[in-house]
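A short write-up of the structure that comes next.
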Amino acid sequence: MKENTFDVLMYLFEHCLDEDRSIEQDESALKGMLRSAGFAQTEINKAFHWLENLAQPYDGVGANTAAGVLRVYASPETAKLDRECRGFLLALEAHEIIDASTRETIIERAMALELDEFNLERFKWIVMMVLANQPERELAHLWLETVIFDRNSGYMH
């Protein structure tokens, strides 16, 4: 049996969300499909909760999202998001692929996942899931998808 929420999200992202299926419309069918794929009901529920919170716009409480403001990470964030992850976010923001508000959404969603092992590859998937959920970020999402799937692209990794 597959045991973590990230695996459920990856499965949904790879098999369902790219087919323009609405999670709200097909929630019970998707949950059935995930159970059939071997995911535990607890992890399925956590994944849907994670996705529901992803749909909520970031309210900026507790963080300054003004352009040009240096982001200082709290110790739980640095414990989870290593230097590579933080550097990747900084590069995305420096290249104007994401803005400060999107950065905060990405950090918040990454922190919400209970993962024992967290690395840059997983973090890139979280970034892609956040960007895929933001209609004004289609080009950024497509670019990041290319980076993830084409390791020889010459883009930052």
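Scanning segment 65-117 for residues that are modelled with pLDDT under 85 and surrounded by 13 or more Cβ atoms within 10 Å (Cβ to Cβ), which turns out nearest to residue 51 (Cα to Cα)?
Filtering first and then ranking leaves 115.
Can you tell me which residues in segment 68-117 are touching a residue at least 60 places away in the same chain (Cβ under 8 Å) and either not in a loop (DSSP other than H, G, I, E, B) or not assigned by TED's automatic domain parsing to the domain that holds residue 128 (or both)?
Once the filter is applied, which keeps residues that are touching a residue at least 60 places away in the same chain (Cβ under 8 Å) and either not in a loop (DSSP other than H, G, I, E, B) or not assigned by TED's automatic domain parsing to the domain that holds residue 128 (or both), segment 68-117 yields 88, 91, 112.
The values are calculated or read from the model by the stated rules, or taken from the named source; none is laboratory data. A quick note: this is a predicted structure, and the numbers were derived from the prediction, not measured. No Cβ is skipped: glycine too gets one built from the backbone with ideal geometry, and neighbour counts run over all protein chains shown.
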